[in-house]
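K.L.:
Dropping the structure in here first, questions after.
We did not get these values from a lab; they are worked out from the coordinates using the rules stated. Predicted model, so just to flag it, every value in this text is computed and none were measured. Reconstructed Cβ throughout: ideal geometry from the backbone, glycine too, with neighbour counts over all protein chains shown.
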Amino acid sequence: MRSGVDASKEHLFLPSVGQTFPSLSDAYQFYNLYSWEVGFSIRSERNQNGKEHINMKQWNCQRSGKPRKSTKHSTTMCGCPARMRVLRNKNGEYYVSIFVAEHNHELVESCDEKRHLHSHQSIDQATKDMVRYLRENNVSLSKVRCIMGSVNGSMDNLTYSKKRLKTLCSKIAADLLANDMQKTFQSFIRMRDEDPNFVYSFQMDRKCRIRALMWSSGNSRRMYSHFGDAVTFDTTYRTNIYNMPFGMFVGVNNHFQSVIYAGVLLTSESTKSFKWAFKAFVKMMGGKAPVTMLTDQCAAMGAAIREVLQGTVHRWCKWHVLKKLLETLGHLFNNQDFQDEFNKVVNHMLTKEEFEKGWRALVAKYNLGKNPEITRAFEARSMWAKAWFTNDYCARMTSTQRSESANNVLKNFVPRNSPLNLFVQQHNKLVSEQEKADHEEEKNTKQRVIKLTFGWPIEGHAAKIYTSKAYHLFLEELHKSTAYLLVRSTEGSIFKVVHNQSERREKWSKVIFEVSVDEQSSVYSCECGLYNHFGILCCHTLLVMVQTGVGEIPDAHIMKR
């Protein structure tokens, strides 16, 4: 570098025979800097290895050598003689033994052209690490290049081409895929070291190949112990390199946020595979099976639930059922009146009688009696319609959309065709993000200052005992209660709640609900069954409580979750 101040020198970096370098890396860097000044690219040509060290190393001009006679494609080889050879001395240093400066071809002059010479498209280790991190987090190649351009001030400052970056990304992908299963289990071991309550389970076939793989974090298992009464399970996600179905057991916490309890990779969607998955899941969760499980209409899944989870109520995802109807009735869904009526029947009917009357009225009005999908959906109504969920706790879930939503979020974390070890690591990041969201909501609940809407004592009590989300759901029901009138029946423990605009409701809509009260245990029971369905008192029960002077929600109706 000191010689650079000598303006009489043509080149700042000019090798000379006898010049020494502390290491081969230093020798390479010096010769490569010289090649940049002059305008050519270099490549490694020859090595001579000793027992412990490389004794000789030679670098040639990139255009050295001659193409084979059989080569049909164009080539840059022209037999250029330029080269530098170094030998190792007894002190462990390397000295230049041969240096040939002459070239037999035109040299590159402009910096813009020099950037495209192979040996000058250098990617340092810090850049490689950053590219690996971005690719592992599902950032596309074009976006990676833009990000690196921003980091370096502009795209013009990048020292490598898009092709070189693509080659690096391919190498990163190959590195991740190498010894994939071994790396996956190493990830599990590392996760267990960091989280002693982390667990995993796997199933192998007779040839010792992995057939299924399931894992769950300590926090996920703890959350399940509190909120594992209602679970959705879905296996539509397949972006790992082996095209294995991936299923997630998902539930809802006390903030009504999605919680991933466990992930499972399967080789098939057979009854046998699902039986293993459900058994392994219950075992991971300390032997506690879900009260209710929501899935799609997969027959193999249903058979496995009936056999393994005999005490669990199985329901179908309403969204999947309605999707088939939408495909059949697409023309009708363009009619806003039909949309509104269909939505009322499917999403707002509280009783079986209401649903059946409303459904039949809709079918008759739009002449759908001969539609096979309509018939099938109605015949299977006990598996998906809201009215049949009233006594089954579902945390207000009637579809697997929480699982599907988690799957969609996971797609943002995991690159397409990712190896298992990366898939597991990125899935773990998604679980961590959910944990952070839970902690944030806990903080918000503790720091909130609530201004009461109605000023009733029971509203103030709800504000103290419920999380923010649960309180707002409670408030919705409290607001609905103002649309009803209370009529005490001849039996003192039974109340009739009547809608105050009964004449404006549809003919099939239920306008009178009975609420019974056990005064000794302070247990209220409404025929709408909403409390049993998602743990918040219904508007009918709240009207009875407010009108009879109940100032606090009874302990029997504070769901411990």
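K.L.:
For residue 417 paired with residue 555, estimate the spin-label separation in nm (one decimal), with each label point 7 Å from Cα along the Cα-to-Cβ line.
P.N.:
A separation of 6.1 nm, rounded to one decimal place.
K.L.:
Quote the FRET efficiency, to the nearest 0.05, computed for residue 482 versus residue 310 with a Förster distance R0 of 41 Å and r equal to the Cβ-Cβ distance.
P.N.:
FRET efficiency, residue 482 to residue 310: 0.40.
K.L.:
Separate question: Determine which aspartates and glutamates satisfy two conditions relative to residue 288: a Cα distance under 13 Å, and not lying fewer than 8 residues away in the same chain.
P.N.:
229
K.L.:
Holding the Cα-Cα limit at 20 Å, pick out from 166/429; 344/386; 57/128 the pairs that are longer than that. Present the calculation step by step, with values, prior to reporting the outcome.
P.N.:
Details: 166/429 26 Å; 344/386 11 Å; 57/128 26 Å.
Violating the 20 Å limit, Cα to Cα: 166/429; 57/128.
K.L.:
Considering the options 498, 317, 41, tell which one lies farthest towards the positive end of the dipole of the chain, charges being +1 on Lys and Arg and -1 on Asp and Glu at the Cβ, about the Cα centre.
P.N.:
Farthest along the dipole direction, towards plus: 41.
K.L.:
Moving to a separate point now. Report the Cα centroid-to-centroid distance between segment 181-199 and segment 45-99 in angstrom, as an integer.
P.N.:
Cα centroid of segment 181-199 versus Cα centroid of segment 45-99: 46 Å apart.
K.L.:
Could you list the trypsin sites (Lys or Arg not before Pro) in segment 425-481 that lie in coil according to DSSP, counting only those with at most 16 other Cβ atoms within 10 Å of their Cβ? Display every interim value, and only then the final one.
P.N.:
Values: sites: 429, 436, 443, 446, 448, 451, 464, 469, 480; in loops: 448, 451.
Passing sites in segment 425-481 are 448, 451.
K.L.:
What is the calculated FRET efficiency for residue 107 to residue 181, with r their C-beta to C-beta distance and R₀ = 41 Å, to the nearest 0.05? Each step should come with its number before you reach the end.
P.N.:
Details: r = 50 Å, r/R0 = 1.23.
The computed FRET efficiency comes out at 0.25.
K.L.:
To the nearest Å, what is the center-to-center distance of segment 476-524 and segment 412-475, using C-alpha atoms only?
P.N.:
32 Å
K.L.:
Applying the Karplus parametrisation 6.51 cos²θ - 1.76 cosθ + 1.60 with θ = phi - 60° to the phi angles of segment 33-50, what ³J(HN,Hα) value in whole Hz is obtained for each residue in order, glycine and proline being reported as x?
P.N.:
So the J values, rounded to whole Hz, are 5, 4, 5, 5, 4, 6, x, 8, 10, 10, 9, 6, 10, 9, 10, 9, 8, x.
K.L.:
Do any GluC sites (Glu not before Pro) in segment 321-401 lie in a loop, going by DSSP, with at most 16 other beta-carbon atoms within 10 Å of their beta carbon, and if so which? All intermediate terms of the calculation are to be shown ahead of the outcome.
P.N.:
Details: sites: 327, 341, 353, 354, 356, 373, 379; in loops: none.
Loop-located and lightly packed - none at all.
K.L.:
For residue 164 paired with residue 514, estimate the spin-label separation in nm (one decimal), with each label point 7 Å from Cα along the Cα-to-Cβ line.
P.N.:
Calculated label separation equals 8.2 nm.
K.L.:
Taking only Cα atoms, what is the 0 to 90° angle, nearest 10, from helix 125-136's long axis to the longest principal axis of the chain?
P.N.:
The helix 125-136 is inclined about 30 degrees to the chain.
K.L.:
Another question about this same structure. Using a cut-off of 18 Å between alpha-carbon atoms, which aspartates and glutamates can reach residue 469, once sequence neighbours fewer than 8 places away in the same chain are excluded?
P.N.:
Output for residue 469: 435, 438, 440, 441, 442, 459, 477.
K.L.:
Then there is this: If I stretch the segment between residue 43 and residue 440 completely, what's the gain in nm (0.36 nm per residue apart, minus their alpha carbon distance), one decimal? List each step's numbers first, then the result.
P.N.:
Numbers: separation 397, 0.36 × 397 = 142.92 nm, distance 5.47 nm.
Full-extension gain reported as 137.5 nm.
K.L.:
Rounded, prolate or oblate: which fits segment 122-168 when a ≥ b ≥ c are the square roots of the eigenvalues of the alpha-carbon gyration tensor, with rounded for a/c under 1.5 and prolate only if a/b beats b/c? Don't skip to the answer; put the middle values down first.
P.N.:
Values: a/c = 1.42, a/b = 1.28, b/c = 1.11.
Rounded is the answer for segment 122-168, as its axis ratio a/c remains below 1.5.
K.L.:
Hey, another quick one. Measuring from label point to label point, each 7 Å out along Cα→Cβ, what is the residue 189 to residue 90 span in nm?
P.N.:
Distance between label points: 4.7 nm.
K.L.:
Next question. Using only Cα atoms and rounding to the nearest 10 degrees, what angle (0 to 90) does helix 352-365 make with the longest principal axis of the chain?
P.N.:
Relative to the chain, helix 352-365 is tipped by roughly 80 degrees.
K.L.:
Based on Cβ point charges of +1 for Lys and Arg and -1 for Asp and Glu, what charge dipole magnitude is obtained for segment 121-178 about its Cα centre, in debye rounded to the nearest 20? Present the calculation step by step, with values, prior to reporting the outcome.
P.N.:
Numbers: 10 positive and 5 negative charges, 51 e Å.
Here segment 121-178 has a charge dipole of around 240 debye.
K.L.:
OK, next. State the extension gain, in nm to one decimal, for the chain segment bounded by residue 503 and residue 361, taking 0.36 nm per residue of separation less the distance between their alpha-carbons. Please list the in-between numbers first.
P.N.:
Working: separation 142, 0.36 × 142 = 51.12 nm, distance 1.77 nm.
Result for the pair: 49.4 nm of gain on full extension.
K.L.:
Find the relative contact order for the chain and round it to a whole percent, using C-alpha pairs within less than 8 Å whose residues are 6+ positions apart.
P.N.:
Numbers: 847 pairs, mean separation 58.3, N = 561.
It rounds to 10 percent for the chain.
K.L.:
Still on this structure, I have one more. Quick one: putting +1 on the C-beta of Lys and Arg, -1 on the C-beta of Asp and Glu, what dipole do you get for the chain around its Cα centre, in Debye to the nearest 20? Walk me through the numbers before you get to the answer.
P.N.:
Numbers: 77 positive and 56 negative charges, 450 e Å.
Dipole about the Cα centre, nearest 20: 2160 debye.
K.L.:
To the nearest 0.05, how large is the calculated FRET efficiency for residue 448 and residue 54 if R₀ is 60 Å and r is the Cβ-Cβ distance?
P.N.:
Working: r = 68 Å, r/R0 = 1.13.
Given R0 = 60 Å and the Cβ-Cβ separation, E is 0.30.
K.L.:
So if I take the centroid of the Cα atoms in segment 204-232 and the same for segment 324-344, what is the distance between those two points in Å?
P.N.:
38 Å
K.L.:
Of all GluC sites (Glu not before Pro) in segment 507-561, which ones are in loop regions per DSSP and have a Cβ with at most 13 other Cβ atoms within 10 Å? Before the final figure, lay out each step's value.
P.N.:
Working: sites: 514, 519, 527, 552; in loops: 519, 527, 552.
Answer in residue order: 519.
K.L.:
Quote to one decimal, in nm, the extra length available between residue 388 and residue 73 on full extension: 0.36 nm per residue of separation minus the C-alpha distance between them.
P.N.:
Residue separation times 0.36 nm, minus the Cα-Cα distance, leaves 106.3 nm.
K.L.:
Here is a further query. Once you order the gyration tensor axes a ≥ b ≥ c over the Cα atoms, which shape class does the chain get: rounded for a/c under 1.5, otherwise prolate or oblate by comparing a/b with b/c?
P.N.:
Details: a/c = 2.89, a/b = 2.73, b/c = 1.06.
Prolate shape, in that a/c is at least 1.5 and a/b is the bigger ratio.
K.L.:
Just name one of 293, 522, 343: the one whose Cα is farthest towards the positive end of the charge dipole of the chain (beta-carbon charges, Lys/Arg +1, Asp/Glu -1).
P.N.:
293
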